[in-house]
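Note sheet for the following structure.
The values are calculated or read from the model by the stated rules, or taken from the named source; none is laboratory data. Every value quoted in this text rests on a predicted model; they were computed, and no experiment measured them. Quick reminder, even Gly has a Cβ in these numbers, built from the backbone with ideal geometry, and neighbours come from all protein chains shown.
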Amino acid sequence: MSEPLTHPYWKDDLKEPLVLYRGEVESEVEGTPLTGEGVAWLGCFPSPKVFMSFGFDSPHRFSIPIAQDSVEVALPGRGGGGVVRLGGSPDPPEGEQASHRHMVSRAGNVERFEVGATDQEVRDVRFMTINGPELHGPSAACVTLVTDTWRFVIDQRHDMHVFAKDLKWEHPFGLTHVGQLTRVDGGNIALAEANDALELLSYFLSFVRGAAVAPALPCGLDGAGTKVWEDWGSVNRRVHPYRTTVIWSDPSLTSQLAQLFTGFARRWDDEADQDVLRYVLAFYESGNDPRPLQTAINLAVAGLELMSWVQLVRDGSMPESEFEDHGARARTIEELVKCAGIDTARVPEELQALRHQGYLGHDAIWKLRSRFTHPRMHSISTDYDVLEDAWRLATWYLELVLLHWFEYEGSTYHGFSRVGLGTSPRFRG
């Protein structure tokens, strides 16, 4: 068995901030260079980001204006630097605060920040993943995902099954995986290229997890395994707190992710399809949180409408004028779902509340969604169980439409159950 992947900053959990730097910092105020002390750390509140606190010795007349949104900061001892967005920062790790003697002090989260020899290309980039999906493997939970250009190896923490429970109930964010990025041809990698590749992985893992996931702290390593550069501003997507999700995937499907990734990456490489993915996955990830159900249904149906336009109008034969007819919008969703091989005339047996309404699947979700977007007082009230079933059905439709678009040929799990929304039993599809 191969050795587990390592990362220069790996820490078992993020209940305490992960300190990245403590030392000299430089900046400029009103055209005058300032030198002081600072500390940078990976924190999780209000969301995972690298935060920075710094203070400067300066004449009394100098101060960072209260209205200033951000400030440029450099690290003379480490090379590089970037922009810190002021405000919204938690307290620094205890014992790591900049000295109180400084007259100018500020804190915030890094907007962009590159450290080290950022112009040097490397052959091995290590990163960590925050709130990634749980994986199962034959001997270790490690998966390899490949495109024509990139190879990702993702190695799950050894205690993920237990740690996932802690994330749900005790701490909403945590480091779940270490990853390695290399070129398929063994060539060198620039920092900007690494971040572009990790953005693809971020969206893919978010689709697998059913909630927003983010790679963090990419570090370029030289042939001896020494860190050459790192990017502190790489957590550039919102990360959802770890939560139970009722989704198409399951840890037992890990072996099928490589085939799904091939189709996903093919769509990502097309500029127009990449724009579609960014929007539709935002609908999917946020709509997977059924609090409130009305919003979740709206987001799932918005995703279906977008995919209807893509597959029926942009890539199909439906005139756009027909698509714009809102009276026929339920039919466009029906046509879309049929393209994925789903019979909308049959509402799954597990969705009993919706079946008792006598709707066809596409009619049910469209009519219920319309009650919230075009309300009339006599039609707003809807049974909670019916809303829950409509949300589950709309989300399932969207998942299967996307899997079909990615040309996925593997198995799925259907998240239908007559239990509360806090659990996630799945049924083989």
(request) For residue 282, indicate whether it is in contact with an Asp or Glu (Cβ under 7 Å, 6 or more places away or on another chain) and either under 16 Å from residue 211 (Cα atoms) or without any contact (Cβ under 8 Å) to a residue 24 or more places away in the chain (or both). (result) no
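State yes or no: is residue 201 under 16 Å from residue 114 (Cβ atoms) and either buried (at least 18 other Cβ atoms within 10 Å of the Cβ) or in the same structural domain as residue 80 (by TED's automatic domain parsing) (or both)? Walk me through how you get there before you give the answer.
Working: under 16 Å from residue 114 (Cβ atoms): no; either buried (at least 18 other Cβ atoms within 10 Å of the Cβ) or in the same structural domain as residue 80 (by TED's automatic domain parsing) (or both): yes.
Against the criterion (under 16 Å from residue 114 (Cβ atoms) and either buried (at least 18 other Cβ atoms within 10 Å of the Cβ) or in the same structural domain as residue 80 (by TED's automatic domain parsing) (or both)), residue 201 does not qualify.
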(request) Kindly provide the set of residues from the range 146-159 that are closer than 18 Å to residue 216 by Cα and outside any loop (DSSP other than H, G, I, E, B), ordered by number. (result) 150, 151, 152, 153, 154, 155, 156
(message) List the strands (runs of 3 or more DSSP E) inside the range 170-248, counting only whole elements, that have at least 1 residues being among the basic types (Lys, Arg).
(response) 175-183, 227-231
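Keeping to the range 346-361, report how many residues are of a type in the set (Lys, Arg) and assigned to a helix (DSSP H, G or I). Walk me through it before giving the result.
Step one: list which residues in the range 346-361 are of a type in the set (Lys, Arg), which gives 346, 355.
Checking the rest, the ones that are also assigned to a helix (DSSP H, G or I) come to 355.
Residues flagged as of a type in the set (Lys, Arg) and assigned to a helix (DSSP H, G or I) within the range 346-361 amount to 1.
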(message) Checking the conditions here, which among 287, 303, 316 is among the small types (Gly, Ala, Ser) and out of contact with any helix residue (DSSP H, G or I) (no Cβ under 6 Å at 6 or more places or on another chain)?
(response) 316
(message) Let me confirm something: among 228, 239, which residue is in contact with a strand residue (DSSP E or B) (Cβ under 9 Å, 6 or more places away or on another chain) and either modelled with pLDDT of 95 or more or surrounded by fewer than 18 Cβ atoms within 10 Å (Cβ to Cβ) (or both)?
(response) 228
(request) Assess whether residue 299 counts as being within 21 Å of residue 407 (Cβ to Cβ), in a helix (DSSP H, G or I) and out of contact with any His (no Cβ under 7 Å at 6 or more places or on another chain). (result) no
